[in-house]
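Asks: One structure, as structure tokens, below. Some questions next.
The values are calculated or read from the model by the stated rules, or taken from the named source; none is laboratory data. What you see is a predicted model, and the numbers here were worked out from it, not measured in a lab. Neighbour counts run over all protein chains shown; Cβ positions are idealised from the backbone, glycine included. Each accessible area value is taken on the protein alone, full model and side chains, heavy atoms only, with ligands, DNA and RNA left out. Shrake-Rupley method; radii C 1.70, N 1.55, O 1.52, S 1.80 Å.
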Amino acid sequence: SGLMYSSLAIWTKTVGLQGTAMLNGRRVPTLDGAAAIAKSYPGDYAAVNWLNNSVSVDGVIAEAVGGSYSDYGRVSAYTGLPTLLGWPGHELQWRGGFELASGREEAIRALYSVRGWEEASRIMRKYDITYVYVGALERQSYPETGLDKFEENMKAIYRSSGVTIYEKSD
């Protein structure tokens, strides 16, 4: 029965080995992990490509936090830019505890949700955040009223297809 699960799991997890990349209107297998995001979130895919070609790896990027094996953490995963937290469950699982990541999910929620710039600025200084990413998942996860402060207090360095990337200006 263990072998049966393995066989069926491979078929299920790979969508029948069809792949996630599209070529001439049909799915094809690929080793390109970004192919799925290109299909599901084309705006994010374009922004990630822009980040890879335009910014240094020195900056910390803030992005929405979400569940394991989800699309959250996509920006840091595909750019290599460090982020505060991607998948909280994985931090717990792989680090054997949550001490290092403690308080980060709440800090990110506050960063994206609070209306006042003073609180957001304090969080950005504490975690040395250089870039704030606002895409579909951030808009879905946090209130729109909390996102206005970035437009008013940071420099928009990228804006296209529903994605805006802000850079701190000190």
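Asks: Search region 42-67 for residues being open to solvent by 50 Å² or more (accessible area, probe 1.4 Å) and outside any helix (DSSP H, G or I), and hand back the single one that is modelled with the lowest pLDDT.
Replies: Residue satisfying both the conditions and the ranking: V57.
Asks: Is there a residue in region 121-135 that is within 12 Å of E63 (Cβ to Cβ), in a helix (DSSP H, G or I) and not hydroxyl-bearing (S, T, Y)?
Replies: Looking for residues that are within 12 Å of E63 (Cβ to Cβ), in a helix (DSSP H, G or I) and not hydroxyl-bearing (S, T, Y), one finds none in region 121-135, hence no.
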